[in-house]
Amino acid sequence: MIDHETPCRTFLQPGEVLLQSEQYEVYPNLPLVPAHLRLPPKQSALEKRIRGVLGNVWHKASRPIDAISDNRFTNHRVTRVVGNVAEGISEAQENFEDAVDDAAERMMYGKPMEGSWTSMAGRFHVQVTNAGGVPRHQAITDRRLFVLTDHAHGWRAREPELALAVEVPRQDIAELRPRPRMTLPRGRFDLVFVDGSWIALCCSFQKSMESLVNAFYGRH
């Protein structure tokens, strides 16, 4: 069994009481945070060097392609029209496939969020996204709900590098609302804010979700 209590305890404030801690699962069909609200990902010095080398290689390799594309055939009016039509057909097909996928996800997972990006739910989602890493733990205390993210992810096993992704004072939470049992995943519950907005959160198992919700309401 994964230990969520120990890492969460290291982030407690003086005198704060940890009531329940569980694994944080990112809900499957949460909307993507718009580009203008996303912070650029943090890069290590090694990552910057690798990206610089790859950028130089790509720039050199792309020169012959640029030269070839700048000829009379590719710039011919008929060629451009055919290309635009083909591109339009491809884009229409992709839009149709995206719409089908979206409809299937809505049927399976339900609505994942209510509120604009300036609402409490929207800001919560933006903060978790911009925290980077992989969200691992969530906790309920006598003061707040918080989520911890792990920056030690990747193909190589490393010691966790945990950081506070987001925290919500209890006075900002209207309710923790368990979803009906037929909703997938079973560990879903909604974090409902006092401004009326809400966002779907998730635990690994239904029992874990119920433990978290019961801890919030003081039930055992």
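None of the figures in this text is laboratory data; all of them are computed from the coordinates on show. Values in this document were obtained by computation on a predicted structure and should not be read as measured data. So basically every Cβ, Gly included, is an ideal-geometry build from the backbone, and we count neighbours across all protein chains shown.
Observations
- Estimated distance in nm for a label pair at ARG38 and ASP3, the labels positioned 7 Å out from Cα along Cα-to-Cβ: 3.5
- Modelled label positions at VAL26 and ARG170, each set 7 Å beyond Cα in the direction of Cβ, lie 3.0 nm from each other.
- Packing, as the average of other Cβ atoms within 10 Å across residues, places the peptides 139-146, 212-219 in the order 139-146, 212-219, highest first.
- The amide H of ARG186, built 1.01 Å from its N in the peptide plane, has no neighbour under 5 Å, considering only residues 5 or more places off or on other chains.
- Amide H contacts of ALA174 (H built 1.01 Å from N, in plane; Pro and chain starts excluded): VAL192, PHE193, VAL194 sit under 5 Å, all sequence-distant by 5 or more or on other chains.
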